[in-house]
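The values are calculated or read from the model by the stated rules, or taken from the named source; none is laboratory data. Nothing here was measured: the structure is a model prediction, and the numbers come from that model. Glycine also receives a Cβ, built like all others from the backbone with ideal geometry; neighbour counts cover every protein chain displayed. These area figures cover heavy atoms from the full protein model, side chains too; ligands, DNA and RNA do not enter into them. Shrake-Rupley method; radii C 1.70, N 1.55, O 1.52, S 1.80 Å.
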Amino acid sequence: PSQSSYTYSGINTGSTSFAVTDISGNQVRLYNKEGLLTKAFSITGKPMAIGIKTNGEILVGNIEKHRMEVYSIDGKLLRTFGSIKFASSLAISNQYERIFVSDSADNSIKVYNLTTESFLFKFGSGTTTTVAPLTNSNPSLVTAKMGLSFGSTPTSNTLKSPSGIALNEKKQWVIVGD
């Protein structure tokens, strides 16, 4: 529909489809690899961030309800988790069993366990958290590279309205568009 405004949050499932959110239409839309719509379902609230777990469950950041929602491929709401003011984007690390959610209104990145969906920690919102365990079974630490930027010199270890997030698991980087 021409009056809908789609977010740019397209997620490749690693198989043959991807998903986008339609904020003004309050929908999640699934497309095949040819770009043809295969499924759409409505949600109560405003969907923004989106991701697909390897088991097919769809994670949606609902910016009206201020939480993460988990849907089946058929559009059934399975459960909710998290307290997020404005989930603008998310990234899933299967390797490190993490869900990273950029919360633009809280100026932070919130990190959840991929399996249990429990809150682990956040960084960027005036926090001093710069290290975090990669997995429950591996106590090694990764340093959050706060202060690495392009085009300007950072002045603090805080974020200001982070809007995009990506992962480079090989280098253990969380890349934030701020």
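Side notes on the structure shown:
- Accessible surface of LYS76, taken over heavy atoms with a 1.4 Å probe and every protein chain present, rounds to 130 Å².
- Placing a pseudo-label 7 Å from each Cα along the Cα-to-Cβ vector at ALA40 and LYS85 gives an inter-label distance of 3.3 nm.
- Amide H contacts under 5 Å for PHE121, placed H, 5+ residues apart: VAL111
- Remark: C-alpha extents of segment 18-105 on the principal axes read 33, 33, 21 Å, sorted largest to smallest.
- The largest accessible area among PHE119, PHE18 belongs to the first residue in PHE119, PHE18, and the rest follow in falling order (1.4 Å probe, all chains).
- In Hz, Karplus ³J(HN,Hα) per residue of segment 84-98 (6.51, -1.76, 1.60; θ = phi - 60°; x = Gly, Pro): 10, 5, 8, 6, 7, 7, 8, 9, 10, 10, 6, 4, 9, 6, 9
- Estimated vicinal HN-Hα couplings, Hz - segment 36-46 in sequence order (Karplus 6.51, -1.76, 1.60; Gly, Pro = x): 8, 5, 10, 7, 9, 9, 8, 10, 8, x, 10
- Between ASN32 and HIS66, the modelled label-to-label distance comes to 4.2 nm, taking each label 7 Å out from Cα in the direction of the beta carbon.
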